[in-house]
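Down below is the structure, laid out as structure tokens.
The values are calculated or read from the model by the stated rules, or taken from the named source; none is laboratory data. Bear in mind the structure is a predicted one, so any value in this text is a computation, not a measurement. Here the Cβ is made from the backbone with ideal geometry for all residues, glycine too, and neighbour counts use every protein chain on show.
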Amino acid sequence: MTITRFAVASLLLLPTSLWAQADSPGASAQEILVTGKGLPDTPATPAYDTQVLQRDQIVSSGSGRIEDVLSSIAGFQQFRRSDSRSSNPSAQGVTLRALGGNASSRALVLLDGVPLSDPFFGYIPLSAVAPERLERIRVTRGGGSGPFGAGALAGTIELESADPAVSGPVNLSALVNDRAETELSGSVAPKLGDGFAVVSGRWDRGKGFYTAPVDQRVDASARAQFDSWSTSARLVQPLTQDLEIQLRGLAFNDERTLRFDGADSSHEGQDISLRLISRGAWQVDALAYVQWRNFTNVVISSSSYAKVLDQKDTPSTGLGGKLEIRPPVGDRHVLRIGTDYRHSDGDLAEDGFSGRTGALTKQSFAGGENSDLGFFIEDDWTLGPLILTGGLRADRWTIRGGYFRQLGGDGSITADNNFDDRSGWDVSYRAGAVFDAGGGLSLRGAAYSGLRLPTLNELYRPFTVFPVVTNANAELENERLHGVEVGLDWRAIPGVTLSLTAFDNQVKHAIANVTLAENLRERRNLDAIDAQGLELGAAVQRGAFSFDGSLAYSDAVVDDNGAAADLDGLRPSQTPEWAASGTLRWKPRKGSVLAATMRYVGGQYEDDRETNLLPSAITVDLFAQTPLGGGFSAVARAENLLDEDVITRNQGGSIDLGVPRTIWLGVRYGF
């Protein structure tokens, strides 16, 4: 099925490719600019807390993985501290500003305008995103309306693919580490007609490391083995001088083992998207996409080391689109009007087994579908040094077709539930201002709201991590964010930029796993999670040296006087109070770079009752590249250079560790 879907994507790309080659000799005498990007940022983009990572930062991390790159923006976090080689994929939800405590993503992640989150679970397939394919990453902390605004609860992470002018016509990379693990990647970007194509692939494999510390290992303990690949194809062609078509296909597969022999997981996906960009007087961004996903996972008992659960099939589909129009309304205004649609549907099939006898004890089936139709309008108004912005968004959401069925080991029906369909309207807003005060100082402020629907996983799939049972909840309400922030950006002297943001965010009806009794939890809506904090940034460029730093402080607490009143005033699980990152980079000559990154993550709790602490940790990574000639470069990387024990899980003293010191050596071409 994977090959079939990617073949369909290739066939969709083929006609435009042939058309481009056929039309090339007759190209217009007037130069046509082909970028492969969306519409330009609006004037009021700086009114919100926005950080941008450029390509030289993206392709020079110690691990070569996208989650490592994003961690240079303090406040970014996954549900767990592990990276995408040594965690369960379903724990790869991402968030910002300590609005966590949930493995589903509270931040919206877009790749060339297309949402990336898994349609069933809500996690992000991080291993499918190769940093070397990207040119720019823009992270907006804080919620708000706009295209695909539903889901942008804690912020938006926009990943922008590189075009051949940035990535080069050919780039190749091959590295091996001190555990004989390998990372291979490459891309070709030929010119086609007046446009271009980019075809790329990446393959990561390795035996992994033991996540269990030495004193907790048993005969059944296993290394965090991983084997993942992804391939991508893009085609960009002009249709007229102002109209551009962009087609993209993505396919990936990722297989991992975690903690015990046989505790294997996998996830795979295929994406196809079509985008039309008009840069004429009436600017238009029209997008349509479809994506297929699947997930499997085997749970091994931590006492008998036998298989107790086989999540054998979780197929899901996501589809949607966006239409944004920017009509000509004068030089002082940029008006955005549009609509977007997202639909998710999925099903699961799981088998439960006795950890003692291995006998089949249950079969579970669940699923449903969610959809969101949004309408938005936003205007940026330039008044000399002052830029004002304001927008409204209305979402028509539906949750329907939900079901949960369970059979006993003998095939008898033990549960057969069909849940009521639900629908409604939610209205969101955002407004902001940015003022150029002179002397390189800009002042900004914003207020906003946001929306996130519960995922199919949260609504319908119960799970057990023996002996704790967590029930699903088909009556979960939408999460709602309300927030305000003020900040400044100061270009103190040439080459030195400082930023400061103070924020106050509240997530109403935040979904969490609430403890009801010993060994029994249920997904429920808390009254709220309140988070206040500060975010600081610094960028310094002095000749061949540069420094990028980020610091985030978040005071997040649960606010609940109902079923979870015993959590009132406690920090949400998996949310550190402090996070910091700093990278010092030296470029002594063209093509050479030496970078050192230090990161700090504060202590956080595994659970909502603040009983199992994950201590703070400091890690140091290195990256070095030097030219060899002929376009080739030698590369060396170091992850966790000081070999810090980073605890990523602590359940009653049973812990997992993050990646130990790892040294990589290799070669690159075309970087």
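Restricting attention to region 628-642, the residues that are within 23 Å of A189 (Cβ to Cβ) and either basic (K, R) or surrounded by fewer than 20 Cβ atoms within 10 Å (Cβ to Cβ) (or both) total 5. Residues of region 381-416 that are farther than 30 Å from P119 by Cα, part of a strand (DSSP E or B) and among the hydroxyl-bearing types (S, T, Y): T382, T389. Mind checking which residues of region 368-397 are among the charged types (D, E, K, R) and under 11 Å from D340 (Cα atoms)? The answer is D372, R393, D395, R396.
Contact annotation: residue pairs with Cβ atoms under 8 Å, 6 or more positions apart or on different chains, pairing a residue in region 301-313 that is over 16 Å from V469 (Cα atoms) and assigned to a loop (DSSP other than H, G, I, E, B) with a partner that is at pLDDT 95 or above and among the β-branched types (V, I, T), are Y305/V218.
Being closer than 30 Å to E644 by Cα and either in contact with a Ser or Thr (Cβ under 7 Å, 6 or more places away or on another chain) or among the hydrophobic types (A, V, I, L, M, F, W, C) (or both) holds for only one residue in D219, D254, D227, and it is D254.
Each residue in region 167-198 was checked for being closer than 22 Å to S633 by Cβ and part of a strand (DSSP E or B), and 16 pass. Summed over region 382-428, residues that are free of Cβ contacts under 8 Å to residues at least 24 places away in the same chain, β-branched (V, I, T) and out of contact with any Leu (no Cβ under 8 Å at 6 or more places or on another chain) total 0.
Only one entry of V198, V188 meets the criterion of being out of contact with any Phe, Trp or Tyr (no Cβ under 9 Å at 6 or more places or on another chain) and either charged (D, E, K, R) or surrounded by fewer than 19 Cβ atoms within 10 Å (Cβ to Cβ) (or both), and that entry is V188. Of the residues examined, W282 is one that is at pLDDT 95 or above, surrounded by fewer than 18 Cβ atoms within 10 Å (Cβ to Cβ) and of a type in the set (A, V, I, L, M, F, W, C). Residues that are among the small types (G, A, S) and either part of a helix (DSSP H, G or I) or buried (at least 24 other Cβ atoms within 10 Å of the Cβ) (or both) within region 417-431 comprise just one, S428. Pairing each residue of region 460-473 that is surrounded by fewer than 19 Cβ atoms within 10 Å (Cβ to Cβ) with any residue that is outside any strand (DSSP E or B) and modelled with pLDDT under 90, provided the two are 6+ apart or on different chains, yields C-beta distances under 6 Å for P467/N519; V468/N519; N471/P462. Within region 514-541, the residues that satisfy the criterion of being assigned to a strand (DSSP E or B), out of contact with any Lys or Arg (no Cβ under 8 Å at 6 or more places or on another chain) and crowded, with 20+ Cβ neighbours inside 10 Å are R521, R523, R524, N525, I529, G537. Would you check if R444 is at pLDDT below 95, surrounded by 15 or more Cβ atoms within 10 Å (Cβ to Cβ), among the charged types (D, E, K, R) and in contact with a Phe, Trp or Tyr (Cβ under 8 Å, 6 or more places away or on another chain)? When the stated conditions are applied, R444 does not pass them. Picking from residues in region 219-270 that are of a type in the set (V, I, T) and in contact with a Gly (Cβ under 6 Å, 6 or more places away or on another chain), the one that is nearest to W203 (Cα to Cα) is T231. Among the residues of region 37-49, those that are surrounded by 23 or more Cβ atoms within 10 Å (Cβ to Cβ) and either at pLDDT below 90 or of a type in the set (A, V, I, L, M, F, W, C) (or both) comprise A44, A47. Suppose the filter is over 24 Å from the mean Cα position of the chain (by Cα), polar (S, T, N, Q) and not in a strand (DSSP E or B); does T357 pass it? Answer is yes for this residue. Across region 542-586, the qualifying residues are those that are without any contact (Cβ under 8 Å) to a residue 12 or more places away in the chain and within 26 Å of N525 (Cβ to Cβ), and the one among them that is surrounded by the fewest Cβ atoms within 10 Å (Cβ to Cβ) is A565. In region 242-255 there is at least one residue that is within 29 Å of Q651 (Cα to Cα) and either surrounded by 18 or more Cβ atoms within 10 Å (Cβ to Cβ) or charged (D, E, K, R) (or both). Here G411 clears all of (1) among the small types (G, A, S); (2) at pLDDT below 95; (3) under 29 Å from the mean Cα position of the chain (by Cα) except the condition numbered (3). Of the residues V34, V52, which is in a loop (DSSP other than H, G, I, E, B) and either modelled with pLDDT of 90 or more or over 19 Å from V620 (Cα atoms) (or both)? Within the list V34, V52, the selection yields V34.
Let's see how each residue does on (1) in contact with a Ser or Thr (Cβ under 6 Å, 6 or more places away or on another chain); (2) in a strand (DSSP E or B); (3) surrounded by fewer than 14 Cβ atoms within 10 Å (Cβ to Cβ); (4) of a type in the set (S, T, Y):
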{"site": "Y600", "(1), (2), (3), (4)": "no, yes, no, yes"}
{"site": "D621", "(1), (2), (3), (4)": "yes, yes, no, no"}
{"site": "T626", "(1), (2), (3), (4)": "yes, yes, no, yes"}
{"site": "E644", "(1), (2), (3), (4)": "yes, no, no, no"}
{"site": "N650", "(1), (2), (3), (4)": "no, yes, no, no"}
{"site": "P660", "(1), (2), (3), (4)": "no, no, no, no"}
{"site": "W664", "(1), (2), (3), (4)": "no, yes, no, no"}
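Criterion applied to A431, A447 was being in contact (Cβ under 8 Å) with a residue 40 or more places away in the chain and farther than 28 Å from D351 by Cβ, and the one residue passing it is A431.
If you go through region 203-218 one residue at a time, do you hit one that is buried (at least 23 other Cβ atoms within 10 Å of the Cβ) and under 25 Å from the mean Cα position of the chain (by Cα)? Checked region 203-218: at least one residue is buried (at least 23 other Cβ atoms within 10 Å of the Cβ) and under 25 Å from the mean Cα position of the chain (by Cα). Go through R356, R393, R332, R400 for me and flag whichever is loosely packed, with under 15 Cβ neighbours inside 10 Å and under 16 Å from L453 (Cβ atoms). Exactly one residue qualifies, and that residue is R400.
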